[in-house]
Amino acid sequence: MSGVNYLDKLLDGVGVEWRPLGALGELVRGNGLQKKDFTETGVPAIHYGQIYTYYGLSTTETKSFVSPDLAKQLKKVDKGDVVITNTSENLEDVGKALVYLGERQAVTGGHATILKPGNLLLGKYFAYFTQIEEFSGEKRKYAKGTKVIDVSATDMAKIKIPIPCPDNPKKSLEIQAEIVRILDAFTSLTAELTAELTARKKQYNYYRDQLLSFEEGEVEWKTLDAICEIGDGNHSSKYPRSDEMVDQGVPFIRGTNMVNGTISGQDMKFITPEKHQELRKGHLKAHDVLMANRGEIGKIAQIPNDYAGSNLNSQLAWLRTDPDLVLPRYLFYALNSTHIQSSISGEGGALQQLTIKNIKLIRIPVPTLEEQTRIVAILDKFDALTNSITEGLPREIKLRQKQYEYYRDLLLGFPKDHPALTGTPPEEGNVFGVSVAENRSAPVFPSSGGVPEGRGGSL
């Protein structure tokens, strides 16, 4: 079933009209409120910066509070209102929306606009709409600034929002509410998996640290230079310039490519084979362990087979074990342990640096190869569950997110020239053919080609 045909079935005869946000509610620009104004208790307060970093799509409680005296001077946020960011260092975060569902009146400050929806708009419906490409394109039209991007409340009011059945507010809100219910269900499923993943990671870290804790005299502790070759990327004049990077060639690994203990190809840079031969210090082999020695010092990853023969930049060090002494995978886990990580510290000012000399002095416990093999086998199972993108919970979360995005874009991607359709309006409690059941844990849709699958298959 095509997207348009599915929307036709979804709307079941009602039309869709795109209306300016300013015609769908009142927009109130915030004022004041700095982080130094926060108090331990008092009036709930929403700071625009927290919408980027702390909140999801909606909240019933605020992270921060202000005094009653200050609250009198700030703009008020009521239950059902939407707080929208006006300013950010990037366009993506401008227009990010938070629906406030708390019972107590809250306040917000500058760099934020409060949307108080009218009788044709649900706040959460609008918040979901801000996540799709159509909204991004609209706000891009009105964005001003270079280092700091701003979309004013006046311009935000011009952005058009699709409103189903605008001539019947009751029916329009029913349709919006059902779309919200479906998307909430997907969001809830993803949140459950994410919470489970967080718990599993804590469990993983606990068992890793327990397995790598040894009684005094139980094992020998050795410095890394006693069990490994250690080197880093080239620092010479031969170091590749930005104009020497190519679209295809030898991967040139940076700290940003170290993700969940392995190497991610996302935003990978490449150098020519000729340049690779010039930078001989940074030649990598399969199973080498990498350690960031600048920036996120102590960050650890291991080179998988498909990145053997790569090179690396000057902010990373490589460690190559003597396999008769230490398994590479054991070294990876040992360096990630809480005890070892807490012992790693850099030198310098704002940009900390971990010298090769200091890396060589890091000490790890070295049990027998048999014991190392046992520890690795246990931790590999935890690692697959918590970090693997091909199996375990990260894969499930990724699939759920794709599934959510598919239906979100389908449900909210109304063509601007969408005609009024013919047909019988849906019955009460059965909006556009999808039954409305309270406390249902998952949305139910007819399957269609190209729908991403998650745990339990296609929804």
- prompt: If ALA292 passes every condition in (1) modelled with pLDDT under 95; (2) under 30 Å from GLN210 (Cα atoms); (3) in contact with a helix residue (DSSP H, G or I) (Cβ under 9 Å, 6 or more places away or on another chain); (4) surrounded by fewer than 18 Cβ atoms within 10 Å (Cβ to Cβ) but one, which one does it miss?
  reply: (4)
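Does at least one position in segment 173-180 carry a residue that is part of a loop (DSSP other than H, G, I, E, B) and in contact with a Leu (Cβ under 9 Å, 6 or more places away or on another chain)?
Checked segment 173-180: no residue is part of a loop (DSSP other than H, G, I, E, B) and in contact with a Leu (Cβ under 9 Å, 6 or more places away or on another chain).
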field: Flag for ILE389 being over 22 Å from LEU279 (Cα atoms), β-branched (Val, Ile, Thr), surrounded by fewer than 16 Cβ atoms within 10 Å (Cβ to Cβ) and at pLDDT below 95
entry: yes
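So how many residues does segment 133-153 have that are assigned to a loop (DSSP other than H, G, I, E, B) and free of Cβ contacts under 8 Å to residues at least 60 places away in the same chain?
Residues flagged as assigned to a loop (DSSP other than H, G, I, E, B) and free of Cβ contacts under 8 Å to residues at least 60 places away in the same chain within segment 133-153 amount to 4.
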- line: Across (1) surrounded by 20 or more Cβ atoms within 10 Å (Cβ to Cβ); (2) in contact with a helix residue (DSSP H, G or I) (Cβ under 7 Å, 6 or more places away or on another chain); (3) farther than 30 Å from PRO367 by Cα, LEU279 clears everything bar (2)
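Given segment 24-97, what strands (runs of 3 or more DSSP E) lie entirely inside it while holding 2 or more residues that are β-branched (Val, Ile, Thr)? Write out each step before concluding.
On the way: elements: 25-29, 43-46, 64-66, 75-77, 82-85.
Per the criteria, 43-46, 82-85.
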query: What pairs can you find where one residue is in segment 117-132 and within 13 Å of VAL83 (Cα to Cα), the other is in a loop (DSSP other than H, G, I, E, B), and their Cβ atoms are less than 6 Å apart, with a gap of 6+ or different chains?
result: GLY123/GLY80; ALA127/LEU57; THR130/GLY95
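If only one of THR223, THR262 is of a type in the set (Ser, Thr, Tyr), touching a residue at least 60 places away in the same chain (Cβ under 8 Å), farther than 13 Å from LEU290 by Cβ and out of contact with any Asp or Glu (no Cβ under 8 Å at 6 or more places or on another chain), which one is it? Quick ask: steps written out before the conclusion?
Values: THR262 fails: farther than 13 Å from LEU290 by Cβ.
Answer to the check: THR223.
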task: Search segment 154-172 for residues being surrounded by fewer than 22 Cβ atoms within 10 Å (Cβ to Cβ), in a helix (DSSP H, G or I) and of a type outside the set (S, T, N, Q), and hand back the single one that is nearest to the chain's Cα centre (by Cα).
output: ASP155
Answer from ALA185, ALA191, ALA226 - the residue that is in a helix (DSSP H, G or I), closer than 23 Å to PHE332 by Cα and aliphatic (A, V, I, L, M): ALA226
query: Just checking, how many residues over segment 74-103 are modelled with pLDDT of 95 or more, over 14 Å from PHE126 (Cβ atoms) and either loosely packed, with under 14 Cβ neighbours inside 10 Å or among the small types (Gly, Ala, Ser) (or both)?
result: 3
message: For segment 250-265: of the residues being in contact with a Pro (Cβ under 9 Å, 6 or more places away or on another chain) and either over 18 Å from ASP380 (Cα atoms) or part of a loop (DSSP other than H, G, I, E, B) (or both), which is modelled with the lowest pLDDT?
response: ASN260
query: On the given criteria, is LYS124 part of a strand (DSSP E or B), at pLDDT 95 or above and surrounded by 15 or more Cβ atoms within 10 Å (Cβ to Cβ)?
result: no
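Do we have GLY217 as at positive phi and out of contact with any helix residue (DSSP H, G or I) (no Cβ under 6 Å at 6 or more places or on another chain) here? Walk me through it before giving the result.
On the way: at positive phi: yes; out of contact with any helix residue (DSSP H, G or I) (no Cβ under 6 Å at 6 or more places or on another chain): yes.
Considered against the rule, which asks whether it is at positive phi and out of contact with any helix residue (DSSP H, G or I) (no Cβ under 6 Å at 6 or more places or on another chain), GLY217 comes out as yes.
The values are calculated or read from the model by the stated rules, or taken from the named source; none is laboratory data. Everything quoted here is computed from the prediction, not taken from an experiment. Note that each Cβ is placed from the backbone with ideal geometry, even for glycine, and that neighbours are counted across all protein chains shown.
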